Amino acid sequence: MAMTEEERFRFDLTGFLVRPAILKPAEIAAIVDQINRIKHDPESLPPEHRDVPGGPASVLIDHPQVVDVIREAIGPDIRLEGCSCVWRKKGEEHGPLHGGGPGQADPIFGYRVKNGRIHAGMVRVIFELTDIALEDQSTHFLIGSHKSEFPIHEDHLSLEEGKRSPFLTTYACPAGSAVFFTENLCHAGPVWRRDTPRVTVLHAYSHLATHWHRLKIPPVVLHSLPREKQAYFRQPWIADFRTSPATHNTTERFLENDEAPIDTDHAP
Ligand SMILES: O=C(O)CCC(=O)C(=O)O
Ligand SMILES: [Fe+2]
């Protein structure tokens with residue numbers, strides 16, 4: 001088990017978990033510089049660095065402090081099916097509270113605990129690349145909503161000051177922290193209040209057998225990654241019974257077999 005007992009309790013109770021300062025200052029600086037260029041001067045980057053998870057951001061794909069938690073939350077066989085970066089100026093927002101509640105019934109998003117272990121559907125990771133204070137208004141979570149069996153009641157869906165649910169929570173953390181949350185937790189990206197921008201990378205990890213997001217990472221970015229990192233983008237299946245014995249879509253097989261395709265080969 002990778003999470004500490006306290007982390008497991010916290011993640012299960014609230015639906016989210018912060019691991020503070022898991023990145024080194026040089027890693028943070030390199031990724032911030034890459035995202036600044038992606039957003040404002042992409043031509044200054046080689047094509048394979050013009051989107052995440054290429055270049056400096058590739059350290060995030062399989063960061064040991066991240067995949068540990070993801071494997072415990074989802075299961076041993078995981079994929080990375082969505083990566084994006086955010087450069088949010090004061091006054092900008094991602095949008096209102098969404099998710100949670102009825103998604104609990106869905107195998108892609110639902111959150112369950114059975115036999116002493118968590119079986120979460122998709123788990124997102126926010127890599128905060130700047131220091132975050134509570135008043136900055138980073139991502140907000142309606143804690144506990146990942147287990148809700150009823151639709152999120154409208155009295156708990158407001159982001160307006162004075163009308164917020166007592167269960168609406170956010171976090172403060174140093175630059176280089178990872179914030180994990182189950183996709184079945186109702187969450188929002190409210191209006192950013194700090195003068196300096198929020199620079200963030202978002203990953204969506206899921207069970208190897210599921211596929212929600214059609215991959216939108218440019219093939220040139222994925223093809224430039226080392227094979228161990230490409231393994232996180234392998235095709236979404238578990239077993240192939242056309243062979244005898246059945247072939248299993250393990251990381252080991254992917255690394256031994258240079259022909260094993262990455263998911264980008266399905267992109268239009
Ligand atoms: O931008 C944010 O703070 C929230 C992002 C979000 O809702 C998402 O990625 O699904
Ligand atoms: Fe979201």
Checklist entry - Out of all the residues in the stretch 129-143, which are away from ligand 1 (no atom under 14 Å from the Cβ) and in contact with a strand residue (DSSP E or B) (Cβ under 8 Å, 6 or more places away or on another chain)? => result D131, I143
Checklist outcome for this item: Expected output for the stretch 69-94 (first residue more than 21 Å from P42 (Cα to Cα), partner within 14 Å of ligand 1 (Cβ to nearest atom) and open to solvent by 70 Å² or more (accessible area, probe 1.4 Å), Cβ below 9 Å, 6+ apart or cross-chain) is E81/W212; K90/R193; G91/R193
Next on the checklist: Taking the conditions exactly as written (more than 18 Å from the chain's Cα centre (by Cα), open to solvent by 70 Å² or more (accessible area, probe 1.4 Å) and either hydroxyl-bearing (S, T, Y) or farther than 19 Å from A73 by Cβ (or both)), does K147 satisfy them or not?
Outcome noted: no
Checklist entry - Any residue in the stretch 81-96 that is more than 20 Å from G189 (Cβ to Cβ) and buried (at least 19 other Cβ atoms within 10 Å of the Cβ)? => result no
Checklist entry - Among the residues of the stretch 100-127, which ones are open to solvent by 40 Å² or more (accessible area, probe 1.4 Å) and not hydrophobic (A, V, I, L, M, F, W, C)? => result P102, D106, P107, R112, K114, N115, G116, R117, H119, R124
Checklist outcome for this item: So, first residue of a type in the set (K, R) in the stretch 105-133, second residue part of a strand (DSSP E or B) and more than 16 Å from ligand 2 (Cβ to nearest atom), Cβ within less than 9 Å, six or more apart or across chains; the pairs are R112/I118; R112/H119
Next on the checklist: Can you find a residue that is farther than 30 Å from Q235 by Cα, away from ligand 2 (no atom under 16 Å from the Cβ) and in contact with a Leu (Cβ under 9 Å, 6 or more places away or on another chain) anywhere in the stretch 139-147?
Outcome noted: yes
Checklist outcome for this item: All-but-one check, W87 against (1) outside any helix (DSSP H, G or I); (2) within 24 Å of L142 (Cα to Cα); (3) within 13 Å of the chain's Cα centre (by Cα), failing number (3)
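The values are calculated or read from the model by the stated rules, or taken from the named source; none is laboratory data. Owing to the predicted nature of the structure, the values given are computational and were not obtained by experimental measurement. A quick note on method: Cβ atoms are made from the backbone with ideal geometry, for glycine too, and the neighbour counts reach across all protein chains shown. Surface accessibility is based on the protein's heavy atoms, side chains included, excluding ligands, DNA and RNA. Shrake-Rupley method; radii C 1.70, N 1.55, O 1.52, S 1.80 Å.
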